Structures are given as C-alpha cells and as structure tokens.
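A quick write-up on the structure given underneath.
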C-alpha cells in the first residue's frame, strides 16, 4: 500500500487557532474511550524541500454520518458522498482526521490503513489535485497532545512532521520530537520565560524580508535569543551609506571594491553569534517563486521593507498559506534639517487579521511604480512631460513619490520592537498591546496610537484563508517578468 511505503517527503500541517479548537472539539467529543472523526478540506504548496498543507475548513459529521454504536470510527456512505460532492465544487483537496483513545499511540492501525487506502482512491475522482492527507490525534491524561499524519501527493507518500497552529494570540508548534540544546548564552532568557520558550525559539524558522537597517537588527536580536534557522530575502548590495544602520557591516565593506549583498552580511552576523544556526541567504524578492518556497514553511515572517509590493506579498502569505507575519516600518519627517517626527508602524498579519489592503496601507500608485520596469518608468515620465506641455494633467502618467529617509537609531529601535513581539508571539509568553499601532518618538507617551480594524468580508483575505496554491486564481499580486531571477547564495 502506498501509505506504508518508504517515506521520504516531509510535510507541515498548518491550521488557524479557531479551526484547531473546532477540530479538537469534534474528534475528542467521545473521549476518553471512543474515537470520532471529520473530513477536512485543504490547500497545499509543494517545494523542493517541503510540502505545506493548509487547512481551509472542516466538513464536520452530522447526525447519522458516523456510527455511534462502535467505539472506533465507522463512516456511513452518505457522509462520504456529501464530502465528495462538497470538495468537487472547488480547487481544494480533502482528507480525514480522527482520534485514538486517551493515552493510546497515534500510529495507524490496519483499520486505518484500509480506511486511508479506500479514501485515497475514492476522492481522487472528485478533487482537482491528487493529494490526500490523513491525521490521527490523541490526548494524554495530563492534557498533552500527540499526533501522526501521512498522505499521498501524485502517488508519492509523505508524512506530517509538524503541526503549526496560527492565531493572533499565539503561534503553537507541535512535533513528534523537537530536539533542542541547552545553551549558556540563552540561560537568562530561559530563566525569564522558561525551558519551553527556549525550545520553541530554537526550533523556529524566521524569514526576514528586507535585510537593511531594520532587517539586520531583527536578525541580530533573534540570533541572540537563540533562533536557529533563518531565511534572508533581499536583492540589494551594500552601499557605503548603509554602514550607519546595517548591523554586521564594517569599514571593510566600505573599502571593498565589489560590494557584498546585504543578505551575505546579515548571514555572517548571525553565524558570528550562533555558529550552529542555519541561514539561507536569497538574492531576490518575496513575490518570486524561490523566496516564497522557503517563506511558506516558516514559523514567522518579519517584513522590514517599506515597499508596497513587499507588504502586499507578505500579508497575502499570511492568509493564503497561514504564515504569520510582522510588518515594521519607519519614517523621518524633517524640514530644513529640523526633525519633526520619528515615526514607526507595527502591524501583525495572521489568517484571522485583516490584510494590508483592508488596513488601507497600500498606495496604488506607489505599488504600480514599484512593479514597473526602468524603461516603463522613463516612458511614463516622458508622457507626463508631454502632457504638461499640452496643458493636460501630467499626474495621470507619472507622480514623483517622496523619498523615505531613515537613520540607524530609529531602524534599530523599531527592529528590536518587532523582534520582541515576535518572540512573544512564538513563545506565547506575552503579546503586543495591539495588532497594529503607530508610534512617534518625539511625542508625549511616544505618540502611541493603536489601529485596530476588521477584515472587509468580501476581501480575499476573508474568503480564501488557507487556499495556498489552490488559491492562485485569487492572487492579488505577482512578480513582474522583468525582475532578475532569484537565487540562493
């Protein structure tokens, strides 16, 4: 049987906290001695190194769908038909989740083998993609949770090695085994937050989008906190003026004839602090396929770029692929060399939070200009000049966007703030005072203003949660073809 074959591919199972609680209430509804089950719909993304499964919804059992007279799980034909017809309507895949009794192992039984073999074949005729997944949950008397999971994608078996539960309150990770090493450099952190928090950070993968003044400082802070795996995404090389704010850079970078990529500098910074860390530096943009392949398997994304397209791309990853993210940006307001404001914007993105569009953070003109080729920008500027000469409105062709300036003390402060609340989110030890807020260092009470709002219910961030690659038709942004191909250094 395919599901019992030698398994090489590993998969992550990602689910929102609200849906996870619903799921547990269903499958544990006959605890502690009897099993129960439900069908689920999901999207997925397959990369070279990982399979990411994102749960969209449950097709929960109704009266008569499961046989209550037996202690294990027995599906009635009407339930299978209802589930098949439901998944046939759209692009999603389908799977089964059931429980084993309290204190039982979650290893599949021969009955489970038969069930999975049957449903793998049965649903293949109803779904658009040949992917089937099956998970087993169990609880111990002390309340601890255990699981196993497996499935088949295009005839190739996989096993679920991690469950990530994502919500605005916490990012919770479950693994059959999660090795960690006690390190003297994180002793103080463990004393404050506990062993579990240290272990969570050590087993966390963080993607940092933008490795300039803010992103480098985020990496610096997280490296000292014990995070052991990083995906760094930035296409820029070091410039001499970056020395004032780019953590890890030095006078040698200024003197170098060929400037290094920023991701190289930040990688060296991380490894200087934590030589055993895994760091994957990517020269590219988060909208491109290669960086997204790595980002979708992360526990957290920290967006440290003020680009509109970066913000849109990261917020879309949060709801379509269930990857929580923190977006941090800064801006100086000055005139005649007198500083009037030092402003920061902190925003959390999560499947249960509004996207960048719902939060009114996107300037459509800025987004359009960022995605243009250099040739198109020059053509637009020429058209604007010609329109002005005719007495027409030149703004319909081109608008000069203000250049944003910042300095190292502000980017470092904002980065430390983002890393701090990221640590709180990952460890569930504390949380930010609001899911989005602004601050101004030059105002009373630091100019703190919370900015809470709800999703627009017709927005894709409300209607396509967890759709992953199966929601590509609803994508709100994509990388233009003229961008250079992304690469791992």
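The residues in region 386-404 that are within 27 Å of residue 483 (Cβ to Cβ) and surrounded by 10 or more Cβ atoms within 10 Å (Cβ to Cβ) can be counted, and the count is 7.
Listed here are the residues, each with its yes/no results for (1) over 19 Å from residue 306 (Cβ atoms); (2) part of a helix (DSSP H, G or I); (3) in the same structural domain as residue 204 (by TED's automatic domain parsing).
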{"site": "248", "(1), (2), (3)": "yes, no, yes"}
{"site": "252", "(1), (2), (3)": "yes, yes, yes"}
{"site": "258", "(1), (2), (3)": "yes, no, yes"}
{"site": "263", "(1), (2), (3)": "no, yes, yes"}
{"site": "268", "(1), (2), (3)": "yes, yes, yes"}
{"site": "275", "(1), (2), (3)": "yes, no, yes"}
{"site": "279", "(1), (2), (3)": "yes, no, yes"}
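Scanning region 207-230 for residues that are assigned to a strand (DSSP E or B) and either modelled with pLDDT under 95 or crowded, with 24+ Cβ neighbours inside 10 Å (or both) turns up 207, 208, 209, 230. Scanning region 192-206 for residues that are touching a helix residue (DSSP H, G or I) at 6+ places or on another chain (Cβ under 8 Å) and part of a loop (DSSP other than H, G, I, E, B) yields a single hit, 204. Among the residues making up region 128-146, those that are within 17 Å of residue 11 (Cβ to Cβ) and buried (at least 20 other Cβ atoms within 10 Å of the Cβ) are 131, 132, 133, 134, 135, 136, 137.
One line per residue, one yes/no per condition, for (1) assigned by TED's automatic domain parsing to the domain that holds residue 307; (2) surrounded by fewer than 17 Cβ atoms within 10 Å (Cβ to Cβ); (3) in contact with a strand residue (DSSP E or B) (Cβ under 6 Å, 6 or more places away or on another chain):
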site: 418; (1), (2), (3): yes, no, yes
site: 430; (1), (2), (3): yes, yes, no
site: 434; (1), (2), (3): yes, yes, yes
site: 439; (1), (2), (3): yes, no, yes
site: 442; (1), (2), (3): yes, yes, yes
site: 445; (1), (2), (3): yes, yes, no
site: 451; (1), (2), (3): yes, yes, yes
site: 461; (1), (2), (3): yes, no, no
site: 465; (1), (2), (3): yes, no, no
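Given the residues 70, 56, which is the only one that is buried (at least 22 other Cβ atoms within 10 Å of the Cβ), outside the structural domain of residue 319 (by TED's automatic domain parsing) and not in a helix (DSSP H, G or I)? None of the others qualify; the one that does is 56. The set of residues in region 417-457 that are within 24 Å of residue 167 (Cβ to Cβ), in contact (Cβ under 8 Å) with a residue 12 or more places away in the chain and in a helix (DSSP H, G or I) comprises 417, 418, 419, 420, 421, 422, 423, 425, 426, 427. Could you go through region 314-329 and let me know if any residue there is out of contact with any strand residue (DSSP E or B) (no Cβ under 8 Å at 6 or more places or on another chain) and at pLDDT below 90. Looking through region 314-329, none of the residues is out of contact with any strand residue (DSSP E or B) (no Cβ under 8 Å at 6 or more places or on another chain) and at pLDDT below 90. Got at least one residue in region 85-101 being touching a strand residue (DSSP E or B) at 6+ places or on another chain (Cβ under 6 Å), without any contact (Cβ under 8 Å) to a residue 60 or more places away in the chain and assigned to a helix (DSSP H, G or I)? The answer is yes; a qualifying residue exists. Scanning region 356-367 for residues that are out of contact with any helix residue (DSSP H, G or I) (no Cβ under 7 Å at 6 or more places or on another chain) and at pLDDT 90 or above yields 357, 359, 360.
Residues are listed down the side, and each one gets a yes or a no for (1) surrounded by 14 or more Cβ atoms within 10 Å (Cβ to Cβ); (2) over 19 Å from residue 233 (Cβ atoms); (3) in contact with a strand residue (DSSP E or B) (Cβ under 7 Å, 6 or more places away or on another chain):
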{"site": "298", "(1), (2), (3)": "yes, no, yes"}
{"site": "309", "(1), (2), (3)": "yes, no, no"}
{"site": "312", "(1), (2), (3)": "yes, no, no"}
{"site": "334", "(1), (2), (3)": "no, yes, yes"}
{"site": "338", "(1), (2), (3)": "no, yes, no"}
{"site": "382", "(1), (2), (3)": "no, yes, no"}
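Before we move on, is residue 122 surrounded by fewer than 17 Cβ atoms within 10 Å (Cβ to Cβ) and at pLDDT 90 or above? Considered against the rule, which asks whether it is surrounded by fewer than 17 Cβ atoms within 10 Å (Cβ to Cβ) and at pLDDT 90 or above, residue 122 comes out as yes. Of all residues in region 458-485, those being assigned to a helix (DSSP H, G or I) and within 17 Å of residue 315 (Cβ to Cβ) number 8.
The values are calculated or read from the model by the stated rules, or taken from the named source; none is laboratory data. These figures come from a predicted structure and were not determined experimentally. For neighbour counting, all protein chains shown are included, and Cβ atoms are generated from backbone atoms with ideal geometry for every residue, glycine included.
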